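The values are calculated or read from the model by the stated rules, or taken from the named source; none is laboratory data. On a predicted model such as this, the values are computed, not experimentally measured, just so you know. FYI the Cβ positions are ideal-geometry reconstructions off the backbone, even for glycines, and counts take in every protein chain you see.
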C-alpha cells in the first residue's frame, strides 16, 4: 500500500494548476474588498479623535483663562480659520484691559474654526477635521465636549 502511494507521488508532477491559482486570487480579492472599507472607517475615526483632542486641549486653556476673571474678548493668531499643523496663540483680554496669552498646537488635518467668549466667563471652541467624512467637535463651558458645531 505504502509503495503504491510513494510511486504515485513520485510520478506526479509538482506545481499548481491554473484553477488553484485563480481560487487563491479570488480569495485575496474578497479579503481586500472587506479590508479596504474597514481601513477607511478607521482613518475617519482617527481624524475625529484628533479633532476631539484639539478641541479638548484648547477648551482647557480657555477654562484656565476664566479661573481668575471672566475674559472680555479673545484674539487668535494666525487669524481664524487655522488649519494644522500649526501653533496657535490665544490672547485673552479681561475687562480691566489686562491680557493673558498662551500657545496651543493644532494637529494636522484639523481646522480651528471658532474661539469665542461671551463676557460672563463663557467660551466656545470649534475644531473641524479637513477630512470631509469626519465630523468636528465643539467644547464650551456649559455643555462640555460635543460632536458637531454647537457654538
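Being under 30 Å from residue 40 (Cα atoms), part of a strand (DSSP E or B) and touching a residue at least 24 places away in the same chain (Cβ under 8 Å), is that true of even one residue in the stretch 91-101? No - not one qualifying residue is present in the stretch 91-101. Being at pLDDT 90 or above, more than 15 Å from residue 54 (Cβ to Cβ) and not in a strand (DSSP E or B) is the requirement here; does residue 79 meet it? Judged against the criteria, residue 79 is a match. The set of residues in the stretch 103-120 being touching a helix residue (DSSP H, G or I) at 6+ places or on another chain (Cβ under 9 Å) and closer than 16 Å to residue 69 by Cα consists of 117 alone. Might you let me know whether the stretch 18-33 holds any residue that is at pLDDT 85 or above, part of a helix (DSSP H, G or I) and either touching a helix residue (DSSP H, G or I) at 6+ places or on another chain (Cβ under 7 Å) or closer than 30 Å to residue 147 by Cβ (or both)? Yes: the stretch 18-33 contains one or more residues that are at pLDDT 85 or above, part of a helix (DSSP H, G or I) and either touching a helix residue (DSSP H, G or I) at 6+ places or on another chain (Cβ under 7 Å) or closer than 30 Å to residue 147 by Cβ (or both).
Selection over the stretch 40-68 of residues that are more than 13 Å from the chain's Cα centre (by Cα) and either without any contact (Cβ under 8 Å) to a residue 40 or more places away in the chain or part of a helix (DSSP H, G or I) (or both) gives a count of 11. Does any residue of the stretch 135-145 turn out to be farther than 11 Å from residue 51 by Cβ and assigned to a strand (DSSP E or B)? Yes, because at least one residue in the stretch 135-145 is farther than 11 Å from residue 51 by Cβ and assigned to a strand (DSSP E or B). Residues of the stretch 122-133 that are under 17 Å from residue 56 (Cα atoms) and touching a helix residue (DSSP H, G or I) at 6+ places or on another chain (Cβ under 9 Å): 123, 124, 125, 126, 127, 128, 129.
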